[in-house]
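The structure under discussion appears below in the form of structure tokens.
The values are calculated or read from the model by the stated rules, or taken from the named source; none is laboratory data. Owing to the predicted nature of the structure, the values given are computational and were not obtained by experimental measurement. As a convention, Cβ positions derive from the backbone with ideal geometry for all residues, glycine included, and neighbour counts pool all protein chains shown. Quick note on the areas: whole protein, heavy atoms, side chains included, nothing else; ligands and nucleic acids left out. Shrake-Rupley method; radii C 1.70, N 1.55, O 1.52, S 1.80 Å.
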Amino acid sequence: MYTDVEEGKQSKKGEYSPFLLYIKMDKKKRIGLTIIFICIVCMVIYFVMPSKNKYLIYEGSAQKVHENKRKENDIFYIGVSQTTDGIHPYKQDNETMDILLDLVYEPLAYFKEDTSIKYINAENITFEKEGKEAKVKINTDKVFSDKTALTVDLVMESYQWFREQDTVHSKLLANIKDIKKIDNQNLLFIFEQADFENIKVFTLPIIYQQDKQSYYGTTFLGTGAYKIVQLKNQEDIILERNTESKRHEKYEKIILKYIDYNEINSIIKNQKIDMFVINKDEHFDKIKESGAYDVYELENKQKGFYLVYNIKEEKTRSAIAKVVEGQEFFDITQEKGIYSSGIVSAYKDGDNYYSLIKSGSLEGLKSLKIRHDYDGTSLSIFQNIAKKLNQKGIKCQEVKVALDGYQSFKEDLYIYQGNYNHVLTADNIKEFYKMNSELSLDQFYNQLEEYLANKNIMSPLSKETRWIACLTTKDTLDFFE
């Protein structure tokens, strides 16, 4: 060991202290050592220090959480507006099933909030034959909660059950022409026609019917980190850790509990429910007043505001897009939702619509007709587009129409609220898959965003969001990742 010495003096062993050795190094070595030290410090900070979740918009204080809740480490209560009305919750599409899809009934693949893919019961999925087929490689390391191994045959049985039932997935599954076994690890999905919605086929829960002899039927099993141990109509759904899963979550038990939002003041005050959906306008101030909850804002990918074009010149479309781009335009036109720089997602990492579109010009443009609905947000968007374009000498004529879903239009611009998929045509689908004749599922949204930016059919303005409160001392089980 080195001993502290005065400047310019040596230790008893005749060696200089680390500081003096550093000073005596030549400049190049000193710079190199400094860079290495900085890199090590950055790595320590990255791996040790907790990073802020990008969906977190309000952070509570642990001191505001009741002492008994701070000590409660083995159970997690999730509030839902409805539990279940039958023994087959996977037939439904609601907040309860969203939770069960993550914890109990894992799908082949799952799209995260930022549209990146997480393969779960599949190892890989690839679209082929211009989107009319998809090859799926099954993750045969997965097992159901009764130790039954996941196989190609059981995946086929799961999809066959859904195709024979009347569920919320029936319309989606109607586009499946056939599912064929290639070998013991691979399946081939054959579609009636190529469609952007076909990717959702692979997000259905994979279920396993353990007891096929029961007259009344039983609730099926899943491959998730938890298994259902209580499922009764209009009662709490109780989950316990699935010891067969390789996912080792923190809580031994999770309880999905019905909550009455008429009692929201009591729910917030007593802190018995750890996590629940909130209404921004009605509940957020009360949540902040309590100080005990974190609040997360997640995107509703099914709905947003878009500016749809009926303008031939690409340079004009690109120039108008720059008029509505940015957080500032969103802030002055909309009170709800979040600004979206991408068409497929507001949270998409990497290149998105506004970073991909070409530069444009308004040269030669004298006037525009703009269609919009009667709602206040559409009116505000129109007024601010008109204001910006008027400053550039372009007159904007307003066309108000009561709209119900996407409709074809003759005007130059259409302020549309809804799902961007409804704007796209069969020709768009055909062209996209022809350009991507072999497309891995994990690249699907990247390629779709690039395609839509190149076509410049519409510009994204915002996405609707949902808000979730969670006690700040509780582990959120990666629900917001």
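Here's the list of aspartates and glutamates a cross-link from Lys250 could span, going by alpha-carbon distance under 17 Å and ignoring same-chain residues fewer than 8 apart: Glu72, Asp74, Asp102, Glu240, Asp274, Asp475, Asp478, Glu481. Rounded to the nearest 20 debye, the dipole magnitude of the chain is 1400 debye, with +1 charges on Lys and Arg beta carbons, -1 on Asp and Glu beta carbons, and the Cα centre as origin. Restricting the chymotrypsin sites (Phe, Trp or Tyr not before Pro) of segment 119-178 to loop positions (DSSP other than H, G, I, E, B) with no more than 16 neighbouring Cβ atoms within 10 Å leaves nothing. Net charge near Gly364: determine it from the other residues with C-beta under 10 Å of the C-beta of Gly364, scoring Lys and Arg +1 and Asp and Glu -1. Local charge sum for Gly364: 0. Antiparallel beta bridges, as assigned by DSSP with both residues in the chain, represent about 80 percent of the total such bridges. Using the Cβ-Cβ distance between Glu235 and Lys181 with R0 set to 35 Å, the FRET efficiency from 1/(1 + (r/R0)^6) comes to roughly 0.35. Taking only the C-alpha atoms of the chain, the Rg (one decimal) and the largest Cα-Cα distance, Dmax (whole number), read 27.5, 90 Å. Which of Ile332, Gln417, Leu362 sits closest to the plus end of the dipole of segment 331-451, meaning its Cα is farthest towards the positive end, when Lys and Arg get +1 and Asp and Glu get -1 on the C-beta? With unit charges placed on the Cβ atoms, the residue in question is Leu362. Note that segment 345-412 presents 58 Å² accessible area per residue, ligands and nucleic acids not counted, probe 1.4 Å. Measuring nothing but protein heavy atoms, the accessible surface of segment 191-297 at 1.4 Å probe radius is 42 percent carbon and sulfur.
For the pairs Lys253/Lys303; Lys135/Lys315; Lys132/Lys348, note any where the Cα-Cα span goes beyond 32 Å. Beyond 32 Å between Cα atoms: Lys253/Lys303; Lys135/Lys315.
Here the label points at Gln209 and Ile332, each 7 Å from Cα along the C-beta direction, are separated by 6.1 nm in the simple model. Of all complete DSSP H helices in the chain, those with a Cα span along the helix axis of 24 Å or greater and a mean Kyte-Doolittle hydropathy of 1.6 or more are 27-48. Placing dummy labels 7 Å off each Cα toward the beta-carbon, the span from Ile190 to Tyr374 is 5.1 nm. Which value in Å does the Kirkwood hydrodynamic radius of segment 360-481 take, with 1/r averaged over all unlike C-alpha pairs and then inverted? Evaluated over segment 360-481, this radius sits at 17.8 Å.
Both radii are taken from the alpha-carbon atoms of segment 429-481; with Rh as the Kirkwood radius, Rg/Rh is 1.19.
Highest average first, the peptides 293-303, 249-259 ordered by how many other beta carbon atoms sit within 10 Å of their residues are 293-303, 249-259. Is segment 106-147 best put as rounded, prolate or oblate by its Cα gyration tensor, with a ≥ b ≥ c the root eigenvalues, rounded for a/c under 1.5, and otherwise prolate when a/b is larger than b/c, oblate when not? Verdict is oblate for segment 106-147. Rounded to two decimals, what is Rg over Rh for segment 269-424 when you use alpha-carbon atoms and the Kirkwood radius? For segment 269-424, the value is 1.04. Of the trypsin sites (Lys or Arg not before Pro) found in segment 117-175, those that fall in a DSSP loop while having at most 11 other beta-carbon atoms within 10 Å are Lys147.
In deg cm²/dmol, rounded to 500, what helix-only [θ] at 222 nm does the chain give when every DSSP H run of at least 4 residues adds -39500 (n - 2.57) and the total is split over its residues? Please list the in-between numbers first.
Values: 14 runs with 136 residues, N = 481.
Mean residue ellipticity, 222 nm, calculated: -8000 deg cm²/dmol.
Scoring 418-427, 450-459 by mean Cβ neighbours within 10 Å over their residues and listing the highest first yields 450-459, 418-427.
Within segment 59-140, the ratio Rg/Rh, alpha carbon atoms throughout and Rh by Kirkwood, equals 1.13.
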